[in-house]
Each structure stands twice: as C-alpha cells, then as structure tokens.
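Below is one structure, written out as structure tokens, with a few remarks after it.
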Amino acid sequence: MRHALAFALGLAACDNDNSLSYVPDHFGHGEGAISGRVCDPESYLWLEGASVYTHIIDSAGALRDTRKTLTDENGEWILDDLADGTYTVYVQYGSTTVDMFDAEVRNGVELEVPNATCTGSAGTDVAVVSGDFDDFDAVLKKAGLGGAHEVDGQRGAELLQFLGNLEEMKSYDAIFFAGGHLEEGIFYGNEGDETVSTVKANLKEYVEAGGVVYASDWSYDVIAETWPSQIDFVGDGTPDDAQIGEPELLKCEITINGLEEAVGKDTVKMNLDLDAWPVVESIGDDAKVFLRADAPWRKGMETGTESNSPLLVEFESGKGAVVFTSWRMSANLDDPQLDVVRWILDRHLGE
C-alpha cells in the first residue's frame, strides 16, 4: 500500500537534510500543541492508525523526549504538552516514514495544521448494489474513489426500494452492480410485471440523464434485460444461460489506444476466476469493445471456445453510459490489471 500522505501546509517545508529542529532546554514541556489530520490519497479516506511524533532536542543536540500519538478513526491527531519552539513532525504508517515537516509553536497556543485535501475523486457519489461475488468496496478504495452508499442486493425490499426511487438513483454519479444480487422479480419476471417494468424504466432514465452503470460478472442480466440490443450474450437469452465461461487467466487484446497507454502494452492478462462467468458473443452497433480474448467455455459435457469474445464493453445512452466486465473487478486489483480497472473508472468518475 502506498501512502504518499499530503498535508496542505501553510508552513515552511523541511530542507530534506534530515536536520532536527531545536526547542528550549526545559525539554519542550508547555501549554502549546500541534494538531492536524492525515489523508490517505490512495483511498481518499481519512487515515486511522498513522503514527505522528516529534522529538524533543535540546540546544546541545541531545534527544530529551518524544511526543507521539496515533490518528483516530477520522484521521485526526494532536501532539500536546509542547513549549514554544520549532518542531520537526513525522508521520509514519507501518514501518515507513511517509511525511515530515517543521511546525512552530508560539505563545503556548495550539497550532492547527491545515487539513489535507481528502476529496479528490472521493467527492464522487456512488452507490453499490452488493452481491455474492464482486467486492466493489475494495475496488473503489484501491482506485481512490473512497466509500460508497451500499444497497443490500440480497434483501429484495431494500433493492426494490432503491431501484424504484428514480430521484434517489439520480443523486449518485454511478451505480455498481456486483454479481450475485437478487434478480428474479426485479430485473425479470412474469410478462407484464409492473415492478420489473418500473425498475428497467428507472435504470434507462437514470443513464439517459447522465448516470453511469457498472455491472460485472453475474450481474450481466441487468444489462441483458434492460438493454438487450447492446450486448449479445451466448445462450438462448434466458437468465443465467450465458454463465458458461471456464475459469482462466486470459491474455486479452486491448482494442483502444487510451487503455493501451494506461497499461503500457497492447495486451493484458485478466483473471476470470469464477467457476462459470458470462460469455459475450457480439455487441450492438452503439457499443465499444475495449478488451477481448478467446473465451473457453463448458456447458455440461460440451466444451468450446468463443473467439474474440468481448470482455470489457461500454455503450452510451443519452448523457450517461453503461460499462460491463465479464470479470470480477475485485479479482483484478494487482498491476497491470489495476491499471485497467482504474482506467475504466476514471473515464466517467475521474476528476
């Protein structure tokens, strides 16, 4: 985990010579204090458990004491019992010192270090429909998008309440569907089912108005039922019939320059780790393929390969877009797969 913690300091920076600042010879005891907040720029979340400390050095250069604290759940910290003077403050996470700066205490008052900016892409509001397979909390944190509003995809009442409220849906920049959530009676059901019709109509309107839908692995039925002309999955069109892909680390061809530049080459291996994952046969005229590979499949005793199967597809609708990955994003969070995940998220949610 990288922790290049950034403090928006209105203070003089260190000269990078590892010199120590000096404080009066009465060992730094006093009424003053230094406080601040630590932000983890990788997740854009306030960082809990970081060590913040300063050494008390007398005028002869001898170490007399150390003031030390840990950041709380909100990333906040305070070093107190400090005399007037200039202190070198260190921020450490794990075994690595990740930041240090000089701070001057005057007149026995608390010096509040200006807060780090902890918004970045974390200012993006997203909702996650949870499921059995993909872990979008891990994905969003790794990609630097912070937290999300979670909708329990296993509780039909909660999922229907969310998808039935178009105004609430529109309050989010993106909605993520993790494979393994409830689908029957929500995205498909008996002919003429008003609930299903409302859900699909709301999803279409949400995207038309500028929202982004991300769906991965087994949540493909969300797309197959709502936008059936955009992606053609193998099988006869019945729910779950396309889930025949064999688990494998597939070498994928990158088909768009922007993604190729992000990865640094024209191929990337993506982990399709589910026992059975949805295989795409072809796409509609308005859809784009960003990754494709020969996809091995098994249906009962029959096996085969779908040549050049699209594994990452995007299509626009109105002001918004829909993105589908045959693979679980949370199974692809190591470089260079992570470069792919970040790229497809940054296309619509980046600053």
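Below is a table of values for the structure above.
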{"quantity": "Relative compactness, the stretch 276-344, computed as alpha-carbon Rg over 2.2 N^0.38 Å", "calculated": "1.23"}
{"quantity": "Distance between the stretch 43-93 and the stretch 180-200 - C-alpha centres, whole angstrom", "calculated": "55 Å"}
{"quantity": "For the stretch 250-267, 3J(HN,Hα) per residue [Karplus equation, 6.51 cos²θ - 1.76 cosθ + 1.60, θ = phi - 60°, Hz, x = Gly/Pro]", "calculated": "8, 7, 9, 8, 8, 10, 9, 4, x, 6, 4, 5, 5, 7, x, 7, 9, 9"}
{"quantity": "Using θ = phi - 60° and Karplus 6.51 cos²θ - 1.76 cosθ + 1.60, couplings along the stretch 125-131 (whole Hz; Gly, Pro as x)", "calculated": "9, 10, 10, 10, 8, 6, x"}
{"quantity": "Sorted peptide list for 335-342, 214-221, 187-194, 163-170, criterion being average Cβ within 10 angstrom, highest first", "calculated": "214-221, 335-342, 163-170, 187-194"}
{"quantity": "Helix-only mean residue ellipticity at 222 nm for the chain, each DSSP H run of n ≥ 4 adding -39500 (n - 2.57), per residue, nearest 500", "calculated": "-5000 deg cm²/dmol"}
{"quantity": "Neighbour net charge for P310 - beta-carbon separation under 11 angstrom, K R +1, D E -1", "calculated": "-3"}
{"quantity": "Principal-axis tilt of helix 337-349 within the chain, Cα atoms, nearest 10 degrees", "calculated": "90 degrees"}
{"quantity": "Other-chain or far-sequence residues with amide H under 5 Å of S309's (modelled H)", "calculated": "A293, D294, A295"}
{"quantity": "At R0 = 25 Å, FRET efficiency that the Cβ-Cβ distance of V109 and L63 yields, to 0.05", "calculated": "0.50"}
{"quantity": "Net +/- balance of residues flanking G32 in space, Cβ distance below 9 Å, scoring K and R +1, D and E -1", "calculated": "-4"}
{"quantity": "Efficiency of FRET from Cβ geometry, S282 and E167, R₀ 35 Å, rounded to 0.05", "calculated": "0.50"}
{"quantity": "Cut-off 12 Å between beta-carbons: net charge of the residues surrounding E260, Lys and Arg +1, Asp and Glu -1", "calculated": "-3"}
{"quantity": "Phi to ³J(HN,Hα) by Karplus 6.51 cos²θ - 1.76 cosθ + 1.60 over the stretch 176-193, Hz, x for Gly, Pro", "calculated": "9, 10, 8, x, x, 7, 5, 10, 5, x, 10, 9, 8, x, 5, 4, x, 5"}
{"quantity": "Segments 307-320, 49-62, 130-143 sorted - mean Cβ within 10 Å per residue, highest first", "calculated": "130-143, 307-320, 49-62"}
{"quantity": "Only Lys, Arg (+1) and Asp, Glu (-1) charged, at Cβ; the chain dipole about Cα centre in debye", "calculated": "660 debye"}
{"quantity": "Per principal axis, descending, Cα span of the stretch 200-300 in whole Å", "calculated": "39, 39, 22"}
{"quantity": "Label selected from [x] 56, 54, 41; [y] 88, 45, 39; [z] 82, 42, 33, the criterion being Cα extents along the principal axes in Å as computed here", "calculated": "[z]"}
{"quantity": "FRET efficiency, 1/(1 + (r/R0)^6) with R0 56 Å, evaluated for T238 and S51 via beta carbons", "calculated": "0.50"}
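Every number in this text was worked out from the coordinates using simple rules, so none of it is lab data. Keep in mind that this is a model prediction, so the values were computed, not measured. Please note: Cβ atoms are built from the backbone with ideal geometry, for glycine as well, and neighbour counts cover all protein chains shown.
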